[in-house]
Amino acid sequence: MRISLPADFRYDEVLLYLNRNAQEPLHAVDAERRTVTKAFRGQRGPLLVRIAMAADGELDVAFPLAEPDETERAAAAHYIAEWLDLGRDLAPFYRLAENDPILRKVVPRYRGMRIVGVGDLFEALAWAIAGQQISLHVAYGLKKRLVEAYGDPVAFEGRDYWLFPEAARIAGLAEEELQALKFTRSKAAYLLGVAKLMDAGELSKSSLLAEGDLAAMERRLTAIRGVGKWTANYAVMRCLRHPDAFPLADVGLHNALKLVLGLDSKPSLAEIERWAESWAGWRAYATFYLWRALTPS
DNA sequence: GTCCAGGATACTG
DNA sequence: CAGTATCATGGA
């Protein structure tokens, strides 16, 4: 199957981003063959896709495990388009960045990079909660243990491509079972709370999207115990895909600004908020591009 | 040993 | 209302 790509799209950036975590359980990047292999939940069961760049510049999508039917092909196309944010017109962001004293230092270098999404709201929130305050390295460990304990494996070529645990599965656990995976008491409680809320149907991606504007989504999410402004905006950025979601308290953002601006200490939240005023409408993309500056090459 | 990681909450003055 | 202690693991 083929997927046509928008004008500004850089596949190398997808590979680089998805290859940050050497022990990633949810997908695999083959750097030499330039492929990404990933399983996701379809209506009739798990689907495994392997994407690659075709010679003609389109995205090639293979289904190495089982031949999909028409519904499944459509689901995969939709999933990938949302995952890689293929539908977004980045031209307004690039125009904005050209005239911004901070973004102009970063954005042109990575033109074509799109925010890689997390389709599942429970996964996005769980990942954000796991990542609160600790290093990415530790957060990756938490995620891997959670996925391999309670997720669902799809075996192919001698390894497992895991499906992230469903909220219903986590909702039935005791806090101690999450603590055994090295979640702190607080994080275990937060994650259980979110899982129960979603399992009860009181929180879903569609109901959140129906809120419409960013402020309303943030209000609903921050009403949940353990979900502060950072977590809410992170989840909205990665899952709901609002281009203006802004994880202001993000340490990576602070470090990126320090690096890009050549500061000798991290800027204050008030300063960042002021700079970001001119990024209005695109603060999620501004953040993603600034994060990129922290990665070599 | 100390500091800090892609924060949130409860508590204090 | 603004500061501060606490969480709790792992790498530098």
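Throughout, read-outs are computed from the coordinates displayed, never taken from laboratory work. None of these values were measured; they are calculated from a predicted model. Note that we place each Cβ from the backbone using ideal geometry, even for glycine, and neighbour counts take in every protein chain shown.
Points to keep in mind about this one:
- Within the option set A:Ala91, A:Ala54, being at negative phi, surrounded by fewer than 18 Cβ atoms within 10 Å (Cβ to Cβ) and touching an Asp or Glu at 6+ places or on another chain (Cβ under 7 Å) holds for one residue only, A:Ala54.
- Contacts under 8 angstrom Cβ, first residue in the range A:169-197 being free of Cβ contacts under 8 Å to residues at least 60 places away in the same chain and part of a helix (DSSP H, G or I), partner hydroxyl-bearing (Ser, Thr, Tyr) and more than 13 Å from DNA strand B (Cβ to nearest atom), 6 or more apart: A:Arg169/A:Tyr150; A:Ile170/A:Tyr150
- In the range A:164-193, of all residues being in contact with a Lys or Arg (Cβ under 6 Å, 6 or more places away or on another chain) and of a type in the set (A, V, I, L, M, F, W, C), the one that is surrounded by the most Cβ atoms within 10 Å (Cβ to Cβ) corresponds to A:Leu181.
- Residue list for the range A:233-249, restricted to those being surrounded by fewer than 22 Cβ atoms within 10 Å (Cβ to Cβ) and either of a type in the set (Gly, Ala, Ser) or within 16 Å of DNA strand C (Cβ to nearest atom) (or both): A:Leu248, A:Ala249
- Neighbours by Cβ (under 6 Å, 6+ apart or cross-chain): first from the range A:251-272, of a type in the set (Val, Ile, Thr); second surrounded by 15 or more Cβ atoms within 10 Å (Cβ to Cβ): A:Val260/A:Lys105; A:Val260/A:Val106; A:Val260/A:Ala293
- Helices (runs of 4 or more DSSP H) wholly inside the range A:214-283 containing at least 2 residues that are over 21 Å from A:Gln132 (Cβ atoms): A:214-222, A:251-261, A:269-276
- Residue in the range A:252-273 that is in contact with a His (Cβ under 7 Å, 6 or more places away or on another chain) and surrounded by fewer than 18 Cβ atoms within 10 Å (Cβ to Cβ) present: yes
- Hits in the range A:199-213 - residues which are surrounded by 16 or more Cβ atoms within 10 Å (Cβ to Cβ), of a type outside the set (Lys, Arg) and assigned to a helix (DSSP H, G or I): A:Asp199, A:Leu208
- Restricting A:Leu208, A:Leu203 to residues that are over 15 Å from A:Ile129 (Cα atoms), within 17 Å of the chain's Cα centre (by Cα) and in contact (Cβ under 8 Å) with a residue 40 or more places away in the chain narrows the list to A:Leu208.
- Matching residues in the range A:132-159 - criterion: being away from DNA strand B (no atom under 16 Å from the Cβ) and surrounded by fewer than 18 Cβ atoms within 10 Å (Cβ to Cβ): A:Arg145, A:Glu148, A:Ala149, A:Asp152, A:Pro153, A:Ala155, A:Phe156, A:Glu157, A:Gly158, A:Arg159
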